[in-house]
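To start, the structure itself, in structure tokens.
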Amino acid sequence: MKERTKTIINWMIPIIVAGIVLLSITVPRAFEPFSNTVESTGHLLTYPSAPLLGYTTINAINQFAGDTTIEGLNSALLFVMTGIAIILVIAPTFMAFGFKKRENSEKLLQPVRWHLGTGIVIAAVTIGFYSAISVSAYESQNVASIERQHTLAQLQSEMLDLYFNASAKAILPQENGGGGGHFTTFAADNGSTRPIQLSDLNRYDPGSQFDFVISENITDSTITIVGISNLEGNNPDFQNADGSTGHIQIRLTVNPYEDSGFNVRRENEYLYASGQ
């Protein structure tokens, strides 16, 4: 038999072993009624820190209820140390001794210990790469989410600043550039009255990174300010108040003459992973 065929056969077996180990983690129910045992064995051979991670998560939750017990810690640590010993010591030793034995043999296949050790190493390395990529992707998403929320919080803060400025302006008499107690009775250039505009507000900055629009449905006591961010939203066809499309915007409706509080609504924003 050709040497290449021998090599293929010898590598196919540990790959199959690695596949079975990985299946024990990803699809443990396929091994019913021994799914729990099989899954634990799979974690032991590839991801031994899993029980310790579970312990720390449960312990953190229990601490909120005043329970500071360390029950289960010793078994989790033992599991971790055993798994590390298998992956870093026993499996490589199986590979080395199996390979050494194969050098002095004319048999077609490598020894069983070589196949087992190599399969475990392949499975562990695969899980390691997968975990590293997953953690990196999660961290990137987490950073992006934090930056997004920070931007929206800044937008809302600027909108509240504009609102308080608008409320103060509305209270001023018309001769002082105000609305005489209303949002709809600011003095116009032709001697008539008009609704409040962004240009009336001292706190309005045309150079802001955000766009602001005062909605047309202004009443004597109610004003709606819409702030449009530069963040892409869930629906690319969403019509923003400034004429653009697809951005997240915040709508703030307030009545300073009532104690109803602020009505703040985010529009076209992603809701967790699925959007809304």
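The values are calculated or read from the model by the stated rules, or taken from the named source; none is laboratory data. What you see is a predicted model, and the numbers here were worked out from it, not measured in a lab. Ideal geometry is used to build each Cβ from the backbone, glycine not excepted, and the neighbour counts take in all protein chains shown. The protein model used for the area step is the full one, side chains on, heavy atoms only, and it has no ligands, DNA or RNA in it. Shrake-Rupley method; radii C 1.70, N 1.55, O 1.52, S 1.80 Å.
Here is how the numbers come out for the structure above:
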quantity: Test: Arg203 is touching an Asp or Glu at 6+ places or on another chain (Cβ under 8 Å) and modelled with pLDDT of 90 or more; calculated: yes
quantity: Unmet criterion (only one of (1) under 25 Å from Val112 (Cα atoms); (2) open to solvent by 90 Å² or more (accessible area, probe 1.4 Å)) for Leu45; calculated: (2)
quantity: Test: residue in the stretch 63-81 that is modelled with pLDDT of 90 or more, within 30 Å of Leu109 (Cβ to Cβ), out of contact with any Gly (no Cβ under 9 Å at 6 or more places or on another chain) and of a type outside the set (Val, Ile, Thr); calculated: no
quantity: Hits in the stretch 194-235 - residues which are closer than 21 Å to Gly178 by Cβ and in contact (Cβ under 8 Å) with a residue 60 or more places away in the chain; calculated: Ile223, Ile225
quantity: Out of Glu147, Glu158, Glu139, sole residue that is of a type in the set (D, E, K, R) and either in contact (Cβ under 8 Å) with a residue 12 or more places away in the chain or touching a Pro at 6+ places or on another chain (Cβ under 7 Å) (or both); calculated: Glu158
quantity: Residue in the stretch 14-42 that is most open to solvent (accessible area, probe 1.4 Å), counting only those that are within 29 Å of the chain's Cα centre (by Cα) and of a type in the set (D, E, K, R); calculated: Arg29
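Matching residues to (1) part of a loop (DSSP other than H, G, I, E, B); (2) modelled with pLDDT of 90 or more; (3) among the acidic types (Asp, Glu); (4) under 17 Å from Trp11 (Cβ atoms):
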{"residue": "Ala85", "(1), (2), (3), (4)": "no, yes, no, no"}
{"residue": "Gly98", "(1), (2), (3), (4)": "no, no, no, yes"}
{"residue": "Glu106", "(1), (2), (3), (4)": "yes, no, yes, no"}
{"residue": "Gln110", "(1), (2), (3), (4)": "yes, no, no, yes"}
{"residue": "His115", "(1), (2), (3), (4)": "no, no, no, yes"}
{"residue": "Ile120", "(1), (2), (3), (4)": "no, yes, no, yes"}
{"residue": "Ala123", "(1), (2), (3), (4)": "no, yes, no, yes"}
{"residue": "Ile127", "(1), (2), (3), (4)": "no, no, no, no"}
